[in-house]
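Reading through the structure tokens given below for one structure.
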Amino acid sequence: MLITGQIPYGVGDLFLEDAAQQRALEMNLRQTFAGWAYSEIIPPTLEYAEVVAGPAGSQLAGNMIRFVDRDGQTLALRPDLTIPTARAVGTKLYDEPLPLRLFYIGNVFRYEEPQAGRRREFSQAGFELIGAGTVAADVEVLSLAIAALRAAGLRAFQLTIGHIGFYHSLLAALNLTPEATQTLSDAIDRKRQGDLAALLPTLPLTLPARRALQALPRLAGGAEVFPQALEICLTTEMAAAVAHLEAVYARVAAAGMTPHVTVDLGEVRGMAYYTGITFEGFAPGLGAALCSGGRYDNLIGHFGPPLPAVGCALVVERLRQAGRLQQAPAPTLTTDWLVGAAPGADAAALHAWMAAQRAAGQIIDVDLLGRSADALCAVAQQRAIPRLLWLDDEGVSLFTAAGQQTWTLADFLATLRETP
């Protein structure tokens, strides 16, 4: 039986400090993306299910929350924001000057099974770089992902980068059945050498192919991975993927970002639409990924003219959790002023001043309970509000940690002409 006031599994309320921190973190991310010349896109919450499911791949499509509207159309709550962005670009923005840089911040919805770090509704902040299929574009996305993690207040984090083209080319060379391919991918994904060693003798593999698969889980680290990977390449496509990733890593190293970047060519997870580099971001103490991204050069072609694209999506709730674990200063929307008035004082006299301050970005809390100046001083101290403004028959008093200042009302209002 449902109890009054219950909410569905996998969703939650955010209020007070948590809500303030969430919005402040989203604001930091929005400012970071905008600082790299990305423009915001706001896709709809609802999509036609078949439009999203087609390019999403079986795993994401299987997690979509669907329902039928009154017209008999099957709709879905958006499961991510990359596919709606690709749809908008392919149908409406394809003739904009390239490269096109877009970012988004919004809730997404997935039918996730109960497990730690996963919710059915969560906030996704991300960015997409469209129309550039170059190494420089891949490096920009990795650099901006690192900048976003730093904007969230994180000091300790790691991006694991790979190239899905390396593994896909290897699979194409093996020519296995779909069932054997899935079993093999699961074994590699678990990164258990014993599971992989037990599986390989059961597959129809050449000796070079078996050696390549045995080496795959060990292709993780830094620049030393690339010559090791070239030794096991079975096709020119595999070698090209290694060369591309090595070029990306060289620019990452030149920018001094390698302390936050690890190469892993044995990473085979990721959205079905990825075609090139892939990456995930992790922080100590948090088992789920903070962010994920990669290149998806074929996705926009599902909706319109094909365009190369690469992007990244971050889970805002996990960023907040990682910040707490690292004891990072929590971003918050702090109150700048507390304003109160004595009984009988004309508080309306301060309305113009408060309007000017709010227009300048200041946050002002006005007392509505008729509390005394002493009581409001205690409130300001408790809530870390730096300034209390008090109006009474004597004039206007400002209380701060440095002490108290008092003006006549006329003198105080003159600050409107002096303060922008």
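The values are calculated or read from the model by the stated rules, or taken from the named source; none is laboratory data. Bear in mind the structure is a predicted one, so any value in this text is a computation, not a measurement. Here the Cβ positions follow ideal geometry from the backbone for every residue, glycine too, while neighbour counts run over all protein chains shown.
Computed values, structure above
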{"read-out": "Members of the stretch 6-29 that are under 25 Å from I65 (Cα atoms), acidic (D, E) and in contact (Cβ under 8 Å) with a residue 60 or more places away in the chain", "value": "E26"}
{"read-out": "Output for the stretch 1-36, where each listed residue is out of contact with any Phe, Trp or Tyr (no Cβ under 7 Å at 6 or more places or on another chain) and of a type in the set (F, W, Y)", "value": "Y9, F15, W36"}
{"read-out": "Close pairs (8 angstrom Cβ cut-off, 6 or more residues apart or separate chains): free of Cβ contacts under 8 Å to residues at least 12 places away in the same chain in the stretch 201-226, surrounded by 12 or more Cβ atoms within 10 Å (Cβ to Cβ) anywhere", "value": "R210/L200"}
{"read-out": "Contacts under 8 angstrom Cβ, first residue in the stretch 32-53 being more than 14 Å from I130 (Cβ to Cβ), partner of a type in the set (V, I, T) and in a strand (DSSP E or B), 6 or more apart", "value": "E40/I105; Y48/T74; A49/T74; E50/T74"}
{"read-out": "Yes/no for L413 being modelled with pLDDT of 95 or more, on the phi < 0 side of the Ramachandran plot, of a type outside the set (V, I, T) and outside the structural domain of A20 (by TED's automatic domain parsing)", "value": "no"}
{"read-out": "Among residues of the stretch 277-300, those that are touching a Pro at 6+ places or on another chain (Cβ under 9 Å) and over 23 Å from S143 (Cβ atoms), counted", "value": "1"}
{"read-out": "Any chance D297 is within 26 Å of L16 (Cβ to Cβ) and surrounded by 15 or more Cβ atoms within 10 Å (Cβ to Cβ)", "value": "no"}
{"read-out": "Qualifying residue in the stretch 308-325 (condition: modelled with pLDDT under 95, surrounded by fewer than 22 Cβ atoms within 10 Å (Cβ to Cβ), in a strand (DSSP E or B) and assigned by TED's automatic domain parsing to the domain that holds L100)", "value": "no"}
{"read-out": "Of residues in the stretch 1-58 being assigned to a helix (DSSP H, G or I) and charged (D, E, K, R), the one nearest to N298 (Cα to Cα)", "value": "E50"}
{"read-out": "Some residue of the stretch 277-287 being assigned to a strand (DSSP E or B), under 13 Å from F166 (Cα atoms) and at pLDDT 95 or above", "value": "yes"}
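Conditions (1) under 17 Å from V268 (Cα atoms); (2) within 27 Å of the chain's Cα centre (by Cα); (3) exposed (fewer than 13 other Cβ atoms within 10 Å of the Cβ), marked per residue:
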site: V225; (1), (2), (3): yes, no, no
site: L234; (1), (2), (3): no, no, no
site: E237; (1), (2), (3): yes, no, no
site: E246; (1), (2), (3): no, yes, no
site: A250; (1), (2), (3): no, yes, no
site: A254; (1), (2), (3): no, yes, yes
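Condition check ((1) surrounded by fewer than 16 Cβ atoms within 10 Å (Cβ to Cβ); (2) modelled with pLDDT of 95 or more; (3) not aromatic (F, W, Y)) across all residues:
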| site | (1), (2), (3) |
| --- | --- |
| G12 | yes, no, yes |
| A20 | no, no, yes |
| P44 | yes, yes, yes |
| P79 | no, no, yes |
| V89 | no, yes, yes |
